[in-house]
Amino acid sequence: MAIEPAVEQRLVDEARAARHASYSPYSGFAVGAAVLGTSGRIFRGTNVENASYGLTICAERAAVFSAVSAGERAIEAVAIVTPAPPATPCGACRQVLWELWSPHRRSEPTVLIASVESSQPDRRSLASLLPDAFDATSLGEPPH
Ligand SMILES: [Zn+2]
């Protein structure tokens, strides 16, 4: 089921707004993300850097974790706004996004990628960004 254009626009607007809260003093690479939960609620996230670089979290994961913390268990779409040119999610975020899509798989996951300068986002599928994804089916039968 396709997401309505007005909802997609709202998702991009929320990601654009989330970018303003970025804590990125080391890279200066401010990113905003917004995920649409299957409940219809939208959750924002932004990147949060740390002097211990490995502790940094990306905007996409921050948004997903916010959604899960609020009770969402599956997401329909994500919008990401980065400095120009538009950047795709890192590998870790692709994997985390896949986890929250995989429980339902009702529709082709939508990834909207925009830069601060672009008016229209690029539309990508998560399957194209993460082919042969590792997920629960990769684990086989659960332990008894
Ligand atoms: Zn990432």
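The values are calculated or read from the model by the stated rules, or taken from the named source; none is laboratory data. Source: prediction; values computed, not measured. Using ideal geometry, Cβ is built from the backbone for each residue, glycine included, and neighbour counts are taken over all protein chains shown.
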So which pairs qualify, if the first residue must be in the stretch 44-58 and more than 24 Å from Val12 (Cβ to Cβ), the second must be polar (S, T, N, Q), the Cβ gap must be under 8 Å, and the two must be at least 6 apart or on different chains? Asn50/Thr56
Does Glu72 count as in a strand (DSSP E or B), within 21 Å of Glu4 (Cα to Cα) and under 15 Å from the mean Cα position of the chain (by Cα)? no
If I ask for residues that are without any contact (Cβ under 8 Å) to a residue 24 or more places away in the chain and either touching a strand residue (DSSP E or B) at 6+ places or on another chain (Cβ under 7 Å) or crowded, with 17+ Cβ neighbours inside 10 Å (or both), which ones from the stretch 91-111 would you list? Glu108
Return the only residue of Ser69, Ser118 being closer than 23 Å to His20 by Cα, at pLDDT below 95 and surrounded by fewer than 23 Cβ atoms within 10 Å (Cβ to Cβ). Ser118
Residue count for the stretch 73-90, restricted to those that are surrounded by fewer than 19 Cβ atoms within 10 Å (Cβ to Cβ), of a type outside the set (A, V, I, L, M, F, W, C) and more than 15 Å from the ligand (Cβ to nearest atom): 2
Scan the stretch 42-69 residue by residue and report those that are assigned to a strand (DSSP E or B), out of contact with any Ser or Thr (no Cβ under 8 Å at 6 or more places or on another chain) and either of a type outside the set (A, V, I, L, M, F, W, C) or away from the ligand (no atom under 15 Å from the Cβ) (or both). Ile42
Pro5, sole failed condition from (1) crowded, with 16+ Cβ neighbours inside 10 Å; (2) under 17 Å from Leu112 (Cβ atoms): (1)
Cross-chain or 6+ apart pairs with Cβ under 7 Å, the stretch 112-131 first and charged (D, E, K, R), then outside any loop (DSSP other than H, G, I, E, B): Asp122/Ile113; Arg123/Thr110; Arg123/Leu112; Arg124/Val111; Arg124/Ile113
